[in-house]
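Report on the following structure.
Every read-out reported here was derived from the displayed coordinates using simple, explicitly stated rules and does not represent laboratory data. Computed from a prediction, not measured in an experiment: that's the story for all the values here. Glycine also receives a Cβ, built like all others from the backbone with ideal geometry; neighbour counts cover every protein chain displayed.
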Amino acid sequence: MEWIVRLMEALGSPGAGLAVALENVFPPVPSEVILPLAGFTAGQGRISLVAAILWTTAGSVAGALVLYGLGAWLGLDRLRRLPFVRVSDVDKADEWFDRHGNAAVFFGRMVPVVRSLISVPAGVSGMPIGKFTLYTAAGSLVWNTALILAGYALGENYQLVDRYLGWVSTAVLVALAIAIVWFVVSRVRARRS
């Protein structure tokens, strides 16, 4: 938290954008902490509210493009060769993403944990980068604006945002962990039989 505060004090709104970009790629501090803090800082008049929203949205897009690039590098062919992965499952997931990718990217940007991860399948499936950028920016703008405005409105109580959204992040992480364990166990059993 101190590092983020110092970053915003040194760079202003671009510092908040940089923190969000880094959070997208390496999520040690979730956006549920950074964005309300940016709103609180804007409420104190140390940065512009509009600039905070625009810079954090730009940071969200920049971080998402890094993970999109990782997914594009991985590609469908490499993904099909991973252990415990069935080619038919990869093809079904790719077909699903072709049909629902726009909504998945837009709404995924508003779900803790998923907001970073959704960029990888977008890159893997070859979603056009312009479309990916547009839906990422739109979803990030909604999420960032909501959390920045919450921090702005709550003032010194901006940490309440993280307290209430923290359980959502925990629930998503638990669900992902269960899904991964179930996936690996089912593949191991299928290979043995």
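The table below lists the values:
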{"item": "Derived scalar couplings ³J(HN,Hα) [region 90-107; Karplus, 6.51 cos²θ - 1.76 cosθ + 1.60; whole Hz; x for Gly, Pro]", "result": "4, 5, 5, 5, 5, 5, 4, 5, 4, 7, 10, x, 4, 5, 4, 5, 4, 6"}
{"item": "J(HN,Hα) series, region 43-60, from Karplus relation 6.51 cos²θ - 1.76 cosθ + 1.60, nearest Hz, glycine and proline x", "result": "x, 7, x, 7, 9, 7, 4, 5, 4, 4, 5, 5, 5, 5, 5, 4, x, 4"}
{"item": "Residue exposure sequence - ARG192, ARG46, ARG109, ARG81 - by fewest surrounding Cβ within 10 Å", "result": "ARG192, ARG81, ARG46, ARG109"}
{"item": "Summed side-chain charge close to MET8 - residues other than MET8 whose Cβ falls under 13 Å, Lys, Arg +1, Asp, Glu -1", "result": "0"}
